[in-house]
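The values are calculated or read from the model by the stated rules, or taken from the named source; none is laboratory data. Quantities reported herein were computed from a predicted structural model and do not represent experimental measurements. Here Cβ is always computed from backbone atoms with ideal geometry, including for glycine, and neighbour counts include all displayed protein chains.
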Amino acid sequence: MSTELVRKRKVLPVLTVLLSVLIALAGVTASSVLKESTSDSVLPAAAGDDLGDGTRLAPYEVVGGVKVFRLRAAPLSWEVSPGNVRQAFAYNGTVPGPVIRVNEGDTVRFIVQNDLPENTALHWHGMDLPNDQDGVPGLTQPEIEPGQSFTYEWKAISTGTHWYHSHMHGDQEGKGLYGSLEVVPRLGDIVAARDYRLIIGDGPLGFVFNGKSFPATAPLRARVGERVRIRLIGAGPEMIHPIHLHGGYFEVVAQDGRRLPVPQQMDTLLVGVGQTFDIVWVPTRVGKWMIHCHIFSHAETHHGMAGLVSIFNVDPPAVGLPLPLGG
Amino acid sequence: MSTELVRKRKVLPVLTVLLSVLIALAGVTASSVLKESTSDSVLPAAAGDDLGDGTRLAPYEVVGGVKVFRLRAAPLSWEVSPGNVRQAFAYNGTVPGPVIRVNEGDTVRFIVQNDLPENTALHWHGMDLPNDQDGVPGLTQPEIEPGQSFTYEWKAISTGTHWYHSHMHGDQEGKGLYGSLEVVPRLGDIVAARDYRLIIGDGPLGFVFNGKSFPATAPLRARVGERVRIRLIGAGPEMIHPIHLHGGYFEVVAQDGRRLPVPQQMDTLLVGVGQTFDIVWVPTRVGKWMIHCHIFSHAETHHGMAGLVSIFNVDPPAVGLPLPLGG
Amino acid sequence: MSTELVRKRKVLPVLTVLLSVLIALAGVTASSVLKESTSDSVLPAAAGDDLGDGTRLAPYEVVGGVKVFRLRAAPLSWEVSPGNVRQAFAYNGTVPGPVIRVNEGDTVRFIVQNDLPENTALHWHGMDLPNDQDGVPGLTQPEIEPGQSFTYEWKAISTGTHWYHSHMHGDQEGKGLYGSLEVVPRLGDIVAARDYRLIIGDGPLGFVFNGKSFPATAPLRARVGERVRIRLIGAGPEMIHPIHLHGGYFEVVAQDGRRLPVPQQMDTLLVGVGQTFDIVWVPTRVGKWMIHCHIFSHAETHHGMAGLVSIFNVDPPAVGLPLPLGG
């Protein structure tokens, strides 16, 4: 499937409506979503929309009750930051690949086309699925050769924030072959007015959040008093990153897609390769607040901020809040 | 003590019976152990038996009510993976050293013989013991010189999964001078049908689980629906490893031998040098499921899987289970 | 402000009395403090006093109800261990900078004088404060040029253990521009007979606890049965350290200044750059117990212990304890 086809699909009106309905049916706190749906809100989103963090939802077709996604792995010249172009590998022409968001209980199918100059395979990290769909070449399936495709199919029963990635070797994955895999639970999803993801990369593309290095990282928007959900995903391929948010603290509410029995508050969280965390932040102050890796060489040079840095632009609350926050 | 003597001891019938009785008395869920004791079960084990993960229980003698272990440190040529032979240091001729498993309340004695070409000392990591038994050369004892021995004696009151290792310097420890130290509590041990350990090494022997690199790592067996306990031990000497299990999630139930007040579910766990974790996994699907470090260069090369990788071979349940697992 | 002035201030009797009163009023378990206040106790402390760990409390003046601190950043030759002198950057002539300890609700002002040969800025890590006081040059304020000063002012509402540091780049911070920032809560502070801090550095000064490498690290005192609080702060600028305590286990009671809803016991704790942890240890045995990073190359060489190592000297209890500890 060409990149062009992907772009066309993203504006397909029928699909957009269908997806909106499905998201509403999935119980993503539909009423609060409608209430929050001001011009600057990122919820709900349709396939192809920018999710407010530089990533986009993957489109799909429904065939016989199965959600069918197409992922094409191919080489790409990718601008990590202004003038800094690297040789990447990408699914559907973006780093990271499109956000795959499905509902608990969905049967999903992925047609993976290998247009790389080398073999590949795709692993669905954190999923409980049949062994032959696990995507480990040489163990659960043969390698997918250049020009060939492979079809995965499984039922989405592992809810929460997960990710998908090449399971071939770290160099291939580090070039960009990864993306967010979000299974919305039927009940009890994390309630938030904003839903962002930051996928942390530290491989051949340099230090990147969602495929970009500061200052090219997407600025993130929020308002004082909102619940802001951030899905942190350690894509590696090599390092552990202490992710720090300025302006107070956040609450860690889930790890590897599973709710913490006792959420914990902190301002700096270790995110290792392969781990995901859902954190919720309620900004208390207007202003520009950094979120960054606290290993200095991953976020700063002698010329200033670089790499694993994004900026939250926090605006005043949309409505009057009953109590002052942050005193 | 020669390696030969160790082998002879392992078949000493009296000792075997004695140990079995002691394990039963220790309350290691004796009834469920007997019920589970099919040919592929690893519980209970006698001294010298392979514990199903490539490690073996240390033999001991009871002298005046004290359990006496002999540990001989000596150089060794050690095959890490087929054809990959490294110069190792080992206790009793194996990397890791033998698994020391005792009961809460035991008085234990260790006669450590230094047949290395350099000084050494042995530390009992995580133990509450008299200061002069702590094994820190230059602080709590003199260094043990080549050809000399040193005797440690203490009472085992720190229950759970711990480890022992050379406290001399990282190069010596990294060559293989470490092993699992398991103190079975009188009451309330973690209940499991399988009891495995994976000691993570990243020193002069390369990236090793229990002294071996994939594909030489011991394959691990389990059945759908069983509670499988895995004791993860970060032996280092240098790195932090995010350990990932395919096929769903596990539950972290203890850290450094101490039960977590609130167990937590995840699929990837950071294990730093010196840390131990007890995790419990209940497989839901038949098949070959990887457990591996998720730092790509620790588990893969361009030629495929390598280093910190083991494979769980999950068979169907031995008996019919009341409910489908994994849907 | 010269170093001399700082020394003079430390003996200012009025200030000393004032500080003692303030600490008592802050509810730092005043009665138990008085009871514990034997000659070897570190509580309470006055500005300039050694806190028992090699650090000293920052002096301040009260001007119109505001606590005013002066921090002067300047180059310094700093002896990390005997004969090992490095070119450091320091606040007020010490690495780390003085301990800033204030009470919840205090309005605080910091006059930062830049006597470095390069630009700087100072960040109050973990504080909920107005955006223009956050100390991020190029985002929330201009860089402070050599010879210039900058004044920060904010209200201390984020309680617990935090830290302050240069937010310029890692090399500058790693040279020593950091210190502990402790906001004593009005109610419910962590109760302890001893209150130590270990700030972990791994930059241009080498591996240092509170600016010193073993054997120059400050020996720490404690008695059997006491509650000993240790504030661990990961100053980096680059690494994650598994901090291990010999002689049993400790309890992690707070992270990034926020109390853990469920404290957790362990003997080895990962401390990443930017993180703080409050741990409480109750020694059970007399003797010399190490606390150290368990990455071997950070704490040992072939010539013995070095770098990130401190020694607890544990004495017998001051009074008879009702029950034996540690059996």
Requested in this report: Return a yes/no flag: does segment A:102-119 have any residue that is touching a residue at least 24 places away in the same chain (Cβ under 8 Å), of a type in the set (D, E, K, R), touching an Asp or Glu at 6+ places or on another chain (Cβ under 6 Å) and surrounded by fewer than 21 Cβ atoms within 10 Å (Cβ to Cβ).
Outcome: yes
Report summary line: Quick count over segment B:124-144, residues being in contact (Cβ under 8 Å) with a residue 12 or more places away in the chain, surrounded by fewer than 24 Cβ atoms within 10 Å (Cβ to Cβ) and more than 8 Å from every other protein chain (Cβ to nearest Cβ), is 4
Report summary line: Those residues of segment C:129-152 which are within 22 Å of C:Pro117 (Cβ to Cβ) and over 25 Å from the mean Cα position of the chain (by Cα) amount to C:Gly138, C:Gln141, C:Pro142, C:Glu143, C:Glu145, C:Pro146, C:Gly147, C:Gln148
Query raised in the report: Any residue at all in segment B:168-189 that is in a loop (DSSP other than H, G, I, E, B), touching a residue at least 40 places away in the same chain (Cβ under 8 Å), within 13 Å of the chain's Cα centre (by Cα) and buried (at least 24 other Cβ atoms within 10 Å of the Cβ)?
Result: yes
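To keep it simple, each residue is scored yes or no on (1) under 27 Å from B:Lys175 (Cβ atoms); (2) surrounded by 23 or more Cβ atoms within 10 Å (Cβ to Cβ); (3) hydrophobic (A, V, I, L, M, F, W, C).
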position	(1), (2), (3)
C:Gly272	no, yes, no
C:Val282	no, no, yes
C:Met290	yes, no, yes
C:Cys293	yes, yes, yes
C:Ser297	yes, no, no
C:Leu321	no, no, yes
Query raised in the report: Inside segment A:218-265, can you point out the residues that are among the charged types (D, E, K, R) and within 25 Å of A:Val184 (Cα to Cα)?
Result: A:Arg221, A:Arg223, A:Glu226, A:Arg227, A:Arg229, A:Arg231, A:Glu251, A:Asp256, A:Arg258, A:Arg259
Report task. Please work out if C:Ser32 is outside any loop (DSSP other than H, G, I, E, B), of a type in the set (S, T, N, Q), modelled with pLDDT of 70 or more and on the phi < 0 side of the Ramachandran plot. Result -> no
Report summary line: Note: among A:Arg86, A:Arg109, just one is part of a strand (DSSP E or B) and in contact with a Pro (Cβ under 8 Å, 6 or more places away or on another chain), namely A:Arg86
Report task. Among the residues of segment C:109-123, count how many are away from every other protein chain (no Cβ under 14 Å) and of a type outside the set (Phe, Trp, Tyr). Result -> 6
Report summary line: Selection over segment A:169-197 where residues are more than 14 Å from chain B (Cβ to nearest Cβ) and among the basic types (Lys, Arg) yields a count of 2
Query raised in the report: What do you reckon, is B:Lys175 farther than 19 Å from B:Thr94 by Cβ, among the basic types (Lys, Arg) and modelled with pLDDT of 95 or more?
Result: no
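Residues checked against (1) touching a strand residue (DSSP E or B) at 6+ places or on another chain (Cβ under 7 Å); (2) of a type in the set (D, E, K, R); (3) in the same structural domain as B:Ser213 (by TED's automatic domain parsing):
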site	(1), (2), (3)
B:Pro82	no, no, no
B:Asn92	yes, no, no
B:Pro96	yes, no, no
B:Arg101	yes, yes, no
B:Glu104	yes, yes, no
B:Phe110	yes, no, no
B:His123	yes, no, no
B:Pro142	no, no, no
Query - First in segment A:74-93 and without any contact (Cβ under 8 Å) to a residue 60 or more places away in the chain and closer than 23 Å to A:Val309 by Cα, second anywhere and of a type in the set (Phe, Trp, Tyr) and surrounded by fewer than 22 Cβ atoms within 10 Å (Cβ to Cβ), Cβ under 8 Å, 6 or more apart - result: A:Val85/A:Trp78
Report summary line: (1) farther than 26 Å from B:Ser158 by Cβ; (2) buried (at least 24 other Cβ atoms within 10 Å of the Cβ); (3) in contact with a helix residue (DSSP H, G or I) (Cβ under 9 Å, 6 or more places away or on another chain) all hold for C:Gly211 apart from (3)
Query raised in the report: Within segment C:145-158, how many residues are in a strand (DSSP E or B), facing another protein chain (nearest Cβ under 10 Å) and among the small types (Gly, Ala, Ser)?
Result: 0
**Report entry** Qualifying residues in segment A:265-296 (those that are in contact with a Pro (Cβ under 7 Å, 6 or more places away or on another chain) and not hydrophobic (A, V, I, L, M, F, W, C)) - the one farthest from C:Gly126 (Cα to Cα)
**Finding:** A:Gly274
Query - Scan of segment C:275-308 for residues that are closer than 21 Å to B:Pro142 by Cα and touching a Cys at 6+ places or on another chain (Cβ under 8 Å), ordered by number - result: C:Ala299, C:Gly307
